[in-house]
1. Taking only DSSP H segments of four or more residues, each worth -39500 (n - 2.57), what value at 222 nm results for the chain once the sum is divided by all its residues, to the nearest 500 deg cm²/dmol?
2. Give the residue list of trypsin sites (Lys or Arg not before Pro) in the stretch 136-228 that are DSSP loop and have at most 12 other beta-carbon atoms within 10 angstrom.
3. Express the carbon and sulfur contribution to the solvent-accessible surface of the chain as a percent, rounded to the nearest whole number, probe 1.4 angstrom.
4. Compute the FRET efficiency between Glu246 and Ser60 as 1/(1 + (r/R0)^6), taking r as their Cβ-Cβ distance and R0 = 41 Å, and round to the nearest 0.05.
5. If you take the charge dipole of the chain about its Cα centre, with +1 on Lys and Arg Cβ and -1 on Asp and Glu Cβ, which of Ile229, Tyr93, Val145 is farthest toward its positive end?
6. I need the GluC sites (Glu not before Pro) found in the stretch 233-266, filtered to DSSP loop residues with at most 12 other beta carbons within 10 Å of theirs.
7. Hey, what did the stretch 274-321 get for relative contact order, percent, Cα under 8 Å, at least 6 apart?
8. If each of Cys4 and His227 carries a label point 7 Å out from its Cα toward its Cβ, how far apart are those two points in nm?
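The values are calculated or read from the model by the stated rules, or taken from the named source; none is laboratory data. Please read these numbers as outputs of a predicted model, since none were measured by experiment. Neighbour counts run over all protein chains shown; Cβ positions are idealised from the backbone, glycine included. Heavy atoms of the whole protein, side chains included, go into the accessibility calculation; ligands, DNA and RNA do not. Shrake-Rupley method; radii C 1.70, N 1.55, O 1.52, S 1.80 Å.
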Amino acid sequence: MEYCTFLNPHMNGGLVLLSSEVNVDVIDAFPFERTLVYEAPPFYLQEMPGKGFGLIANRSILKGEVVMKNTPALLVQFGPHLELDGETRLDFYEKAVRRLPKERQDSFMRQYGEDVFVKIDRNSFRLFINGERKYSGHLGCFPDVSKFNHDCRPNLHYRIANITHTVIAARNITAGEELTVSYIDGTLSQADRQSRLDDWGFKCACAVCSAGAEGIAASDARLERIHEIEDGLEKMVAAGGAITPELGAELVALYEQEGLLTYLGHAYTRAALLFSMVADEEQAVRYARQAAEAMVREHGPGAGDAKAMMGLADRPREHWSWGVGTRAEKGEDTVAPTKAAGKVQSEKVETLRMDNIVFG
Ligand SMILES: C[S@@+](CC[C@H](N)C(=O)[O-])C[C@H]1O[C@@H](n2cnc3c(N)ncnc32)[C@H](O)[C@@H]1O
């Protein structure tokens with residue numbers, strides 16, 4: 001496979017695509033949003049003891065507020081990153097970066113990492129630039145985004161649509177707080193999180209990781225219970241047995257207690273569906289509203305799952321899930337259990353997790 005570099009100097013300060021020729025057409029045709037140009041960005045860059053640089057809120061930021069929006073400076077197809085030998089690849093990457101307009105080049109080079117390869121390897125997100133087509137997978141480098149440090153319980157969400165990366169506040173943030181994302185799956189146990197973070201060469205000292213042996217054990221126990229409930233719920237719905245919506249409520253409470261704010265959309269969705277299945281209107285509507293709000297934060301205003309949850313909140317009795325559990329118990333085969341299980345699955349949105357970030 002041959003790889004080339006293609007430049008679009010006009011896209012939000014410049015974009016270089018390093019890819020095979022089949023993708024050349026997309027460089028000028030990406031649907032992209034303009035970078036949010038802040039007259040006054042809600043953060044500033046500061047040196048953080050033991051972490052290099054980081055971004056600090058310079059004012060209070062409201063839950064749901066867009067904090068940053070960017071398109072990549074560099075897109076590198078998976079192929080060259082995985083296939084080329086080290087020396088050829090580094091040379092190729094350096095030439096690609098030198099094609100960027102000067103200012104964009106400088107911001108790329110300010111990213112963490114001793115050389116261009118490490119900068120790409122440690123700061124990129126996986127993107128698919130041409131739908132699900134072959135050769136579509138690329139690593140996207142967003143130099144401004146790469147200034148966010150990690151926290152296992154971050155105060156920011158992020159999402160990527162086409163090639164636009166958007167960062168949103170997961171809760172109200174006060175001036176002076178560090179702005180953080182999670183690089184890994186925050187539902188892993190503390191030991192597993194630390195081991196995943198070895199790839200970035202640091203030990204996490206976030207509030208949960210430094211809560212002491214007792215605090216860590218309590219947190220790990222909640223995470224284990226989260227996984228146990230999630231596995232159990234899938235089996236319960238698939239088996240068509242009695243629906244116990246209390247498990248949905250417990251799941252939400254566990255995510256909230258753990259401060260896993262970037263995963264709440266799917267927890268609320270599950271609780272809403274379970275309460276709807278047993279025709280508990282009050283709880284179904286309450287969780288569906290919360291699910292819709294969280295889905296908009298996590299997946300954007302047009303998110304299909306947010307609309308589905310708004311539908312459940314507004315017209316619960318017309319939703320496919322309404323009373324499915326109670327009818328099943330009475331032997332009325334309105335919706336086959338396996339079909340219901342599939343729907344619970346399909347409305348369970350895979351929260352974009354930062355293990356999406358690429359590591360070596
Ligand atoms: C994506 S960069 C984040 C920005 C980086 N601090 C900088 O100065 O450009 C990732 C690197 O930042 C540092 N880092 C991020 N989060 C950290 C944390 N919670 N504790 C210590 N170091 C951290 C690690 O060196 C990590 O490999």
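1. Computed mean residue ellipticity for the chain: -12500 deg cm²/dmol.
2. Sparse-neighbourhood loop trypsin sites (Lys or Arg not before Pro): Lys203.
3. Carbon with sulfur: 52 percent of the solvent-accessible area.
4. 0.70
5. My answer, from the dipole projection, is Val145.
6. Counting only loop positions with at most 12 other Cβ atoms within 10 Å, none of the GluC sites (Glu not before Pro) in the stretch 233-266 qualifies.
7. Averaging sequence separation for qualifying contacts and normalising by length gives 39 percent for the stretch 274-321.
8. Taking the simple label geometry, Cys4 and His227 are separated by 4.7 nm.
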